[in-house]
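Only one structure is covered here, and it is reproduced in the block below.
The values are calculated or read from the model by the stated rules, or taken from the named source; none is laboratory data. Here the structure is a predicted model, which means the values were calculated and not measured. So basically every Cβ, Gly included, is an ideal-geometry build from the backbone, and we count neighbours across all protein chains shown.
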Number of protein chains: 6
Amino acid sequence: MPAGRVATVAPVPEDGATGKVAEVYADIRRTKGLDRVPNFWRVLATHPDHLELVWGRLKALMHPEAVGRTPKLDPLTREAIALAVSATNGCAYCVNSHTAALLKLGADPETVGEVLAVASLFNSTNALADGYQVEPDILPPG
Amino acid sequence: MPAGRVATVAPVPEDGATGKVAEVYADIRRTKGLDRVPNFWRVLATHPDHLELVWGRLKALMHPEAVGRTPKLDPLTREAIALAVSATNGCAYCVNSHTAALLKLGADPETVGEVLAVASLFNSTNALADGYQVEPDILPPG
Amino acid sequence: MPAGRVATVAPVPEDGATGKVAEVYADIRRTKGLDRVPNFWRVLATHPDHLELVWGRLKALMHPEAVGRTPKLDPLTREAIALAVSATNGCAYCVNSHTAALLKLGADPETVGEVLAVASLFNSTNALADGYQVEPDILPPG
Amino acid sequence: MPAGRVATVAPVPEDGATGKVAEVYADIRRTKGLDRVPNFWRVLATHPDHLELVWGRLKALMHPEAVGRTPKLDPLTREAIALAVSATNGCAYCVNSHTAALLKLGADPETVGEVLAVASLFNSTNALADGYQVEPDILPPG
Amino acid sequence: MPAGRVATVAPVPEDGATGKVAEVYADIRRTKGLDRVPNFWRVLATHPDHLELVWGRLKALMHPEAVGRTPKLDPLTREAIALAVSATNGCAYCVNSHTAALLKLGADPETVGEVLAVASLFNSTNALADGYQVEPDILPPG
Amino acid sequence: MPAGRVATVAPVPEDGATGKVAEVYADIRRTKGLDRVPNFWRVLATHPDHLELVWGRLKALMHPEAVGRTPKLDPLTREAIALAVSATNGCAYCVNSHTAALLKLGADPETVGEVLAVASLFNSTNALADGYQVEPDILPPG
């Protein structure tokens, strides 16, 4: 009987984490206000340096207040982009995660639907513009 | 010497358009407030029914006020999603077009940069979540 | 134990549908000759305007006789394209759905295999042409 | 001033080809009825074994009569799939090449447009089915 | 209750294989040193000519010693590329298969992580270079 | 006449760079041993915080010796993965850049060809495994 999706490496459990991994886990819980470290980070923890690099970049872009940065986009727009990209790439984990994040930010299902409507519209026009090799009508800057 | 990108079909010129194509061209100019119909639509016009279908969907989603629909997302968020999807798919025409649209809506280059920063971050995490086959930690609805 | 794929929003059940959703559901059952509305449409129904837009475009392209349009491609070629695109994008729902549609049109498993053989061949050559940045040898139109 | 696309390796010219490369070049010209070997193959020729592998597979699938194989799909359907995949991947060389092949087989621009219309429709629905993680409604075989 | 992933066609069992399929199955077991033919090949076997074409190409590139070819890349690098491409495309079967192959070649989980770290980094920069349409700074050959 | 690819934002010139941008530019030249900062980084510099984040991650993964990290993969394997991912995504800038990097590391054109041969093979098998929805034959870890 076919099983569902299982990570290809064994995640690092929270109570077994030490050193750099334990520090990043604590920062993820604190910054995101979560009780539990999501599976994504627990799998990345099998390569501690990489865990730290990815978390550092995501924290700076998605939790700018935590690093004292003034963002150019509001949280809902950022999560809308995340969901649009994840739908385009067909990433199951990411679609689940960013839909949950959008709902947590107060989006209703119809707003989630509009994000996907716009994303799917442009997946469609992208294939047309590339499929016809349409010549740009925009002039270069300067 | 290598030439640049040229459409694979001959676009329908504005002064040669008749019937359904002429009507859609007029609606595009009116709805978007443009003097000239962009290349994308002039290439689609080689298949008039398809031109009408794509324009109808884009108009409803990207110009909701023109069809009396109350949108769930503001114009800048919609264009941000459009640019994020186009960058993910690597569509040159679309990247040019949606960057221009974002700038026209008042976004500065740093805001364009933040849209691309968030989009590129999630292209990265999508590859990781899929590359490790991370098991979702989100429960299904209901 | 890991569960399978579950939609991120609760689908709109057929017996609970009203207004625009009920109309589109009826049109889907009638046009496709189905007893039951597929999951895809029941999930889209959480955003009724979008349901109508997507169904309208799919109906016009995939059921042209229902809108009085003379198609340029036969039904098997249209479903072959649908499967080829879905395999390229790795969309599980769509692969299942379009394979079923091909078999329903009378294709045998070897024909399904040939569609995938051709699609996979060109996914391969696409990566080569892009990976070497091969210069086009085709002259522009006109 | 920006230049166009140029291959990243120097193509093997036809008059300089020897051994396996000369044999494959001759087979390409003969099988495809061309005077000149397209750029794609001349770039692949920098790795002669790979040239032979790719040409062998493409010949068997796209020129089945040349290898005595009875195909399951007609030439126009095969090229339609090739264009649909190339548009989905945004491969410029391939879009140019397969559009030219479709026109050479007798397709008119509106037929090319319908191939792209169907391909772009399913790029759109793929993003929706993946973006909502729609559960398959198709039963497994057997 | 949602089921997992099941092939859309019925695989050809090993004890039911005859002719070309039986020959390829035997070659796969011998070349790869396996007791059992993986599901991928058993599904491809529903189209015997295609099975032979794909296996021939994979054997030549991934088992060059079996065809007397001197490879330019070592086995671990080849599997690293395979995993990187599969993660980029989000192919679940392929990610499982190539991760297992890497581990069998002696890679530890941290090495698998570094392959994915590099692959995900460049999925990110690809979106940026395309998203900004950065002009190449590399001169053409010759 | 169609022009080639031009960045959608004006790059920050090296002699106009100050503060964080000037520091990153200097680090790029020093770490990579270059006289000139590549266009990619000069475009990213329009969003200085993002420039720093992307450079920090790329430096740690692709120039590990510069940060005192012991890598799990050698430089040629890392660049092979970069080229394979860029070919898969069809990113022109990235293909040019990583091919140049491979050649600088001593790879000959046939080795570049073998990287692309392996990458294109797995783009092909990915489409097949997804196109048939092949069930994994690999057991989960533990």
Exercise. Take the residues in the stretch F:16-32 that are crowded, with 18+ Cβ neighbours inside 10 Å and hydrophobic (A, V, I, L, M, F, W, C), then tell me which one is nearest to the chain's Cα centre (by Cα).
Key: F:28
Quiz item: Restricting the search to the stretch B:33-53, which residues are among the β-branched types (Val, Ile, Thr), assigned to a loop (DSSP other than H, G, I, E, B) and within 16 Å of the chain's Cα centre (by Cα)?
Solution: B:37
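Would you be able to tell me the number of residues in the stretch A:104-120 that are more than 7 Å from every other protein chain (Cβ to nearest Cβ) and closer than 17 Å to residue C:46 by Cα?
3
Rundown of residues vs (1) within 30 Å of residue D:88 (Cα to Cα); (2) touching a residue at least 12 places away in the same chain (Cβ under 8 Å); (3) within 12 Å of chain C (Cβ to nearest Cβ); (4) outside any helix (DSSP H, G or I), yes/no style:
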| residue | (1), (2), (3), (4) |
| --- | --- |
| F:55 | no, yes, no, no |
| F:82 | yes, yes, yes, no |
| F:88 | yes, yes, yes, no |
| F:102 | yes, yes, yes, no |
| F:129 | yes, no, yes, no |
Quiz prompt | Unmet criterion (only one of (1) surrounded by fewer than 16 Cβ atoms within 10 Å (Cβ to Cβ); (2) in contact with a helix residue (DSSP H, G or I) (Cβ under 8 Å, 6 or more places away or on another chain); (3) among the hydrophobic types (A, V, I, L, M, F, W, C)) for residue D:51 | solution = (1)
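Here's the yes/no breakdown for (1) at pLDDT 95 or above; (2) among the hydroxyl-bearing types (Ser, Thr, Tyr); (3) in a helix (DSSP H, G or I); (4) in contact with a Lys or Arg (Cβ under 8 Å, 6 or more places away or on another chain):
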{"site": "D:60", "(1), (2), (3), (4)": "yes, no, yes, yes"}
{"site": "D:77", "(1), (2), (3), (4)": "yes, yes, yes, no"}
{"site": "D:85", "(1), (2), (3), (4)": "yes, no, yes, no"}
{"site": "D:118", "(1), (2), (3), (4)": "yes, no, yes, yes"}
{"site": "D:121", "(1), (2), (3), (4)": "yes, no, yes, yes"}
{"site": "D:135", "(1), (2), (3), (4)": "no, no, no, yes"}
Quiz item: Scanning the stretch D:90-100 for residues that are assigned to a helix (DSSP H, G or I) and among the hydrophobic types (A, V, I, L, M, F, W, C), which turns out nearest to the chain's Cα centre (by Cα)?
Solution: D:94
Self-check item: Number of positions in the stretch D:90-100 that are in contact with a Phe, Trp or Tyr (Cβ under 9 Å, 6 or more places away or on another chain) and more than 7 Å from chain A (Cβ to nearest Cβ)
Solution: 6
Quiz item: Given (1) over 18 Å from residue C:128 (Cα atoms); (2) within 13 Å of chain A (Cβ to nearest Cβ); (3) of a type outside the set (A, V, I, L, M); (4) touching a helix residue (DSSP H, G or I) at 6+ places or on another chain (Cβ under 6 Å), where does residue D:71 come up short, assuming only one miss?
Solution: (2)
Quiz item: With (1) modelled with pLDDT of 95 or more; (2) over 28 Å from residue D:131 (Cα atoms); (3) of a type outside the set (A, V, I, L, M) as the list, and residue C:140 as the residue in question, which single condition is left unmet?
Solution: (1)
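The rows are residues; the columns are (1) farther than 25 Å from residue C:53 by Cβ; (2) surrounded by fewer than 24 Cβ atoms within 10 Å (Cβ to Cβ); (3) outside the structural domain of residue B:41 (by TED's automatic domain parsing).
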{"site": "B:62", "(1), (2), (3)": "no, yes, no"}
{"site": "B:84", "(1), (2), (3)": "no, no, yes"}
{"site": "B:94", "(1), (2), (3)": "no, no, yes"}
{"site": "B:101", "(1), (2), (3)": "no, yes, yes"}
{"site": "B:104", "(1), (2), (3)": "no, yes, yes"}
{"site": "B:111", "(1), (2), (3)": "yes, yes, yes"}
{"site": "B:116", "(1), (2), (3)": "yes, no, yes"}
Quiz item: For the subset of the stretch F:37-48 comprising residues that are of a type in the set (A, V, I, L, M, F, W, C) and facing another protein chain (nearest Cβ under 9 Å), which member is surrounded by the fewest Cβ atoms within 10 Å (Cβ to Cβ)?
Solution: F:40
